[in-house]
Amino acid sequence: MNEECLICKEPLEYLEKDILMECALCHKKENSKTHCRQGHYICNACHTGGMEAIMDFCLKEESKNPIELLERLMDMPFCHMHGPEHHVLVGAALLTAYHNAGGRVDLPSALTEIVKRGKEVPGGACGFWGACGAGISSGMFVSILTKATPLAGEAWGLANQMPSQALESIGAVGGPRCCKRDSFLSVLAAAAFAREHFGVQMETGKVSCRYSGRNNQCLGARCPFSPKRKDA
């Protein structure tokens, strides 16, 4: 059994209704639909602990490739196979690569904002909300770049167009979810969006997944990034 529960590695179970649960790490009590087969629940705050490393990493990076940055972030100790940390990582990788590719953005301020916003999107949003957090993170990327608000005009439109494109590509593949796959799809969609709308050319190359051995629900050859695909 590959990584599922952070405590016992047992598979996760998703419930139809919220029930009161106690985090196995910090003992905070809150309502949730998710626990493992042994009953362990990990709150979003504990699941994303250690993300303060994102700021230091991104501010030192010079890469213009958001996929490369994303993979390096996903390899850091705080990032698990699945989890709400990806709701921050997508936007952080995009902001950093955009800045390094010549895009105009106050990177320290932007990174602070993407961490704040991304952490507000809970785990399981892909299934329970119908909007994957990785795709939402791509919208945050555009919102931060354009300084969009609910009362903005063009910026509001762009900030909503971006996640719609990312979510379309995510939904087209189908489930079950994979936080790595959905993050790759979101970053690729955002890089194309930035090139079209902002004239900033970030570097992207062919993506070949190296995480499938950790994913109990891997789609195998049905995943667009699987080395098993004939066109890979």
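Points to keep in mind about this one:
- Given (1) open to solvent by 50 Å² or more (accessible area, probe 1.4 Å); (2) under 14 Å from the mean Cα position of the chain (by Cα); (3) closer than 22 Å to Glu120 by Cβ, index of the condition Met51 fails: (1)
- Filtering region 1-34 to residues that are part of a strand (DSSP E or B) and in contact (Cβ under 8 Å) with a residue 24 or more places away in the chain leaves Leu12, Glu13, Tyr14, Lys33, Thr34.
- Matching entry among Val187, Val200 (being out of contact with any Cys (no Cβ under 9 Å at 6 or more places or on another chain), part of a helix (DSSP H, G or I), of a type in the set (Val, Ile, Thr) and at pLDDT 95 or above): Val187
- Note on region 116-130: residues that are farther than 11 Å from Asp182 by Cα and either among the hydrophobic types (A, V, I, L, M, F, W, C) or not in a loop (DSSP other than H, G, I, E, B) (or both) total 8.
- Residue check for Arg210: at pLDDT 95 or above and among the charged types (D, E, K, R): no
- Checking each residue in region 133-171 for being under 17 Å from the mean Cα position of the chain (by Cα), of a type in the set (Gly, Ala, Ser) and open to solvent by 20 Å² or more (accessible area, probe 1.4 Å) picks out Ser164, Ser169, Gly171.
- In region 93-128, residue surrounded by the fewest Cβ atoms within 10 Å (Cβ to Cβ) [restricted to those that are hydrophobic (A, V, I, L, M, F, W, C) and in contact with a Gly (Cβ under 8 Å, 6 or more places away or on another chain)]: Ala125
- Residue selected from region 1-25 under the condition open to solvent by 80 Å² or more (accessible area, probe 1.4 Å) and touching a helix residue (DSSP H, G or I) at 6+ places or on another chain (Cβ under 8 Å), by the criterion modelled with the lowest pLDDT: Tyr14
- Lone unmet requirement of (1) over 16 Å from Pro66 (Cα atoms); (2) hydroxyl-bearing (Ser, Thr, Tyr); (3) open to solvent by less than 40 Å² (accessible area, probe 1.4 Å) for Ser183: (1)
- Qualifying residue in region 20-33 (condition: out of contact with any strand residue (DSSP E or B) (no Cβ under 7 Å at 6 or more places or on another chain) and of a type in the set (S, T, N, Q)): no
- As a summary of the residue check, His82 satisfies the conditions (1) under 27 Å from Glu30 (Cα atoms); (2) touching a Leu at 6+ places or on another chain (Cβ under 8 Å); (3) open to solvent by 10 Å² or more (accessible area, probe 1.4 Å) except for the one numbered (2).
- Those residues of region 213-230 which are within 17 Å of His82 (Cα to Cα) and open to solvent by 20 Å² or more (accessible area, probe 1.4 Å), in sequence order: Gly213, Arg214, Asn216, Gln217, Cys218, Leu219
- Qualifying residues in region 111-143 (those that are aromatic (Phe, Trp, Tyr) and without any contact (Cβ under 8 Å) to a residue 60 or more places away in the chain) - the one farthest from Glu30 (Cα to Cα): Phe141
The values are calculated or read from the model by the stated rules, or taken from the named source; none is laboratory data. Everything numeric in this text was worked out from a predicted model, so none of it was measured. Cβ atoms come from the backbone with ideal geometry, glycine included; neighbour counts cover every protein chain shown. Quick note on the areas: whole protein, heavy atoms, side chains included, nothing else; ligands and nucleic acids left out. Shrake-Rupley method; radii C 1.70, N 1.55, O 1.52, S 1.80 Å.
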